[in-house]
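One structure is given below, encoded as structure tokens.
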Amino acid sequence: MKRQRFLGLLLLFSLTVTMVGCGQTPPRESMAQDVELLEPVGMTASGEAAMLRDLYDADIYSATVVPYVEEYGFDEDVTLREFGAFPGETVSRGEVLAYSDTEKLDKQIEDQLERIQDMETEFAEYEQQVREDLEKPREEVKQLEDIVKNLEKEKPEQYLKVSRPNGGEPTTEGETSEEKPSGEQHPGTVSGPDADGPQEEDKPQINPAYEEWVRQYDYWNGRYRIADHGVNTTLLQLEQRTALYELDHDYALQQLQFLRDSKNNITIHSGIAGNVVALGDYAYGDYIEGETPIVAVGDPARRMLKCDYINRKTAATAQEMYAVIDGIRYEVEYVPMESDEYTRLTTQGETVYSTLYLEGDIQEVNLGDYAAVVVVHKKREQALSVPAEAVHRDETGSYVYVANGEENIYTSVSTGMSDGVYTEILSGIAQGDVVRLDQGRQYSDQRVTVERGSFHSDFSGVGIMAYPSSVVERSRITHGTVYFQEFQTAMYQHVDKGDVIATVRVAEDEIGVQRLALQLQRQLERVQDLVDQGEEKNKKAIENRQKEILKLQEQITELMQDYQTTVIRASQSGIVIWMADLETEDILQPDSYLVEIADENTCYVVLENEGDVLSYGDRVQVRYQDREEQERETTGMVASLNGRAVSRFLRQEYAFILLPPEVIGDMSVGTAGWGGWWNRAIFDVEASLREMDNVLIVPRRAVRESEGHTYVNVVEPDGSIVRRSFIAGGFDKSNYWVVEGLTEGMELCLE
């Protein structure tokens, strides 16, 4: 099921790559053994005058213009379901880049949502029922409360009033009694709360109206308190039930959020807007460890250079550091790497590259452009210098032999830097002094000129058609025993969504059907019993039974649909790229894999990218034959980054070539007469890479090297010939291209 099924087939095809160009920096070893001297036509005197020259000690680092890149992986161990975007596709920030197999989580989330909904519905129904049930009791409590309050207002005196007329004898109400001074108590009475109460010496007569009032008050107050207690008890139960519900509901929501977070953690989202520039070599069903980068997104608006590693010390001590792209010099900002990070990467087996940011106007710089990063360790402009071979050393220091007629005068000198061809003279001799050489030089009468032109490397290879986006069609029948019959498609055949891809036979589970039918019958009978006992009274119970009936009916319908299934259809249009090895009457378990269908709209030519020579943004020419077997050519774009710009997890041995949508159909079905898919799928790919336009070029035969430094023999205006070193950006079989040190139009002499 892995993409290696088709990518691995790359090894079956021959790949011819020609890569000598500006990406190849001049070797550091001397090429003296490669120099073939031509027939001498003359010999210089064995001496050369000290002159002012520019001296260079520099190194060239091959670099590529790449976008700013972020790599993403799953937060935890997962099984991959599919990628959401593919190389070359534009994505926005937050867009899904990859999905894990979330089927179980999706089911858990669905079940949790259903539980929460049931919980909310059940509580809402309970709360509504309680409040409906409390309507009459509350009215009754209000009425009883009003009665009690009215009784309290109409409360009569407990005792009849007593008076003592004519000598103080007590009389009933209506008789007069002798007035007492204010504050003086009547005999037989007391003050305070019991002032109206009878005393042992004198017990007034109880008021009959009061006794009747007490009887009425106790009756109505008792009813009121009982009713009010019942309402308050119900409200307290509602309050307690509400508190428990809120706790359970909050917990259920937390669990739902946890499940959603878990799903989000196993779904990769892009952190930036840009283009997908790399995918890991994974396919549906692959197990992936957490935090393993599997997809990368690049921001094409943020361009930078990736080059061979330049250590911090080299960058810090360099006299100059710049990049040359298409003959234009760009200043760069070196991004140092911490030593801990360098150690970590090298320990993990990473090949470490350096990052540099381009400064100034970079509108003309394109992704995929080749750049030469120039690190000038030392540079002396117009330094007095002599050929390095003329400088000798003894116990006293450096010296040269200065020519004085036929005499050679031993002369001590103080030296500075050397570019391998010439050595700087700080003191000891003056400009124009001729120093003796160990041997004379031979030159040819052939001349060449330093010219401005273009420089590139040629690439050629063979690729195959690849479809990294696909779906796996599975048996979704979960009930009964499923027997495979036959496929209705073939390998590399186009299918449309809804087409039959396989036929099956399903044997029913009769016992299971009977069990569900019996449960349904019993539920229907119980509902009828509840209706007979009182539909209004059993309303809630009937509703619960009806829910169970609905679930049983859905289960029975699902069973019958599975049992009646005879075909399995394609869920998307595309090309069949894999089929399960099945025979008639093989039993299919639920979710058994049947075929894999590739998305034709996500199509690439994939080919080996040896040496990481192809990079994101490069344009290549792809040759193919159309359906009429006519030779055609189209331009494709490399849609995957090379290994310089991504970590080892995303480095691939092959490159994805994005094709124009309008030619994919012709390419995928072309040359049917060849009689085979793989024959139809082989494509020739050619490209001009590592291009440098508008640079100075020098024929390779005019260049010599000494201790890794390049030099040429320049014919001066007066006809004299002097050696001059220069910084070379690279070479191919014919030419070197010049970074610094030579000018257009210079005449060069071959040795």
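Here are some notes:
- Verdict on Gln439 being modelled with pLDDT under 85 and open to solvent by 50 Å² or more (accessible area, probe 1.4 Å): yes
- Condition broken by Phe487, with the remaining ones in (1) open to solvent by 80 Å² or more (accessible area, probe 1.4 Å); (2) modelled with pLDDT of 90 or more; (3) out of contact with any Asp or Glu (no Cβ under 9 Å at 6 or more places or on another chain); (4) not small (Gly, Ala, Ser) satisfied: (1)
- Of all residues in segment 227-282 being of a type in the set (D, E, K, R) and in contact with a helix residue (DSSP H, G or I) (Cβ under 8 Å, 6 or more places away or on another chain), the one that is most open to solvent (accessible area, probe 1.4 Å): Arg260
- Residue in segment 710-751 that is surrounded by the fewest Cβ atoms within 10 Å (Cβ to Cβ), counting only those that are among the charged types (D, E, K, R) and part of a loop (DSSP other than H, G, I, E, B): Asp718
- When segment 496-528 is filtered for residues that are loosely packed, with under 14 Cβ neighbours inside 10 Å and either assigned to a strand (DSSP E or B) or in contact (Cβ under 8 Å) with a residue 40 or more places away in the chain (or both), the ones remaining, listed by number, are Asp496, Lys497, Gly498, Ala507.
- In segment 443-465, the qualifying residues are those that are among the polar types (S, T, N, Q), open to solvent by 20 Å² or more (accessible area, probe 1.4 Å) and assigned to a strand (DSSP E or B), and the one that is farthest from Asp618 (Cα to Cα) is Thr449.
- Taking segment 605-623 as the range and being open to solvent by less than 20 Å² (accessible area, probe 1.4 Å) and free of Cβ contacts under 8 Å to residues at least 60 places away in the same chain as the test, only Asn609 passes.
- Counting only strands (runs of 3 or more DSSP E) that sit wholly inside segment 652-709, those with at least 3 residues that are at pLDDT 80 or above and within 30 Å of Glu451 (Cβ to Cβ) are 682-699.
- Options Arg131, Arg81, Arg93: the member that is among the basic types (Lys, Arg) and surrounded by 18 or more Cβ atoms within 10 Å (Cβ to Cβ): Arg81
Residue-by-condition table, conditions (1) open to solvent by 20 Å² or more (accessible area, probe 1.4 Å); (2) of a type outside the set (Asp, Glu); (3) more than 33 Å from the chain's Cα centre (by Cα):
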| position | (1), (2), (3) |
| --- | --- |
| Asn311 | yes, yes, no |
| Ala316 | yes, yes, yes |
| Glu320 | yes, no, yes |
| Ile325 | no, yes, no |
| Glu331 | yes, no, no |
| Val335 | yes, yes, no |
| Arg344 | yes, yes, no |
| Thr347 | yes, yes, no |
| Tyr353 | yes, yes, no |
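- Filter pass, Arg115 being among the basic types (Lys, Arg) and surrounded by 15 or more Cβ atoms within 10 Å (Cβ to Cβ): no
- Restricting attention to segment 68-118 and to residues that are of a type in the set (Ser, Thr, Tyr), assigned to a strand (DSSP E or B) and modelled with pLDDT under 90, the residue that is farthest from Met637 (Cα to Cα) turns out to be Thr79.
- When residues of segment 627-648 are limited to those that are among the polar types (S, T, N, Q) and touching a residue at least 24 places away in the same chain (Cβ under 8 Å), the one surrounded by the fewest Cβ atoms within 10 Å (Cβ to Cβ): Thr635
- Selection status of Ser46, open to solvent by less than 20 Å² (accessible area, probe 1.4 Å), on the phi < 0 side of the Ramachandran plot and modelled with pLDDT under 90: no
- So Val402, is it under 30 Å from Tyr330 (Cβ atoms), in a strand (DSSP E or B) and open to solvent by less than 30 Å² (accessible area, probe 1.4 Å): no
- Long-range neighbours under 7 Å by Cβ, at least six apart or interchain, first residue within 24 Å of Pro293 (Cα to Cα) within segment 242-267, second outside any helix (DSSP H, G or I) and open to solvent by 100 Å² or more (accessible area, probe 1.4 Å): none
- Qualifying residues in segment 550-578 (those that are of a type in the set (A, V, I, L, M, F, W, C) and at pLDDT 90 or above) - the one nearest to Asp591 (Cα to Cα): Ile568
- Condition met for Val448 (closer than 30 Å to Leu689 by Cβ and among the aliphatic types (A, V, I, L, M)): yes
- Strands (runs of 3 or more DSSP E) fully within segment 318-389 that include at least 3 residues being more than 30 Å from Ala687 (Cβ to Cβ): 370-387.
The values are calculated or read from the model by the stated rules, or taken from the named source; none is laboratory data. Please read all numbers here as calculations on a predicted model, not as lab measurements. Neighbour counts run over all protein chains shown; Cβ positions are idealised from the backbone, glycine included. Each accessible area value is taken on the protein alone, full model and side chains, heavy atoms only, with ligands, DNA and RNA left out. Shrake-Rupley method; radii C 1.70, N 1.55, O 1.52, S 1.80 Å.
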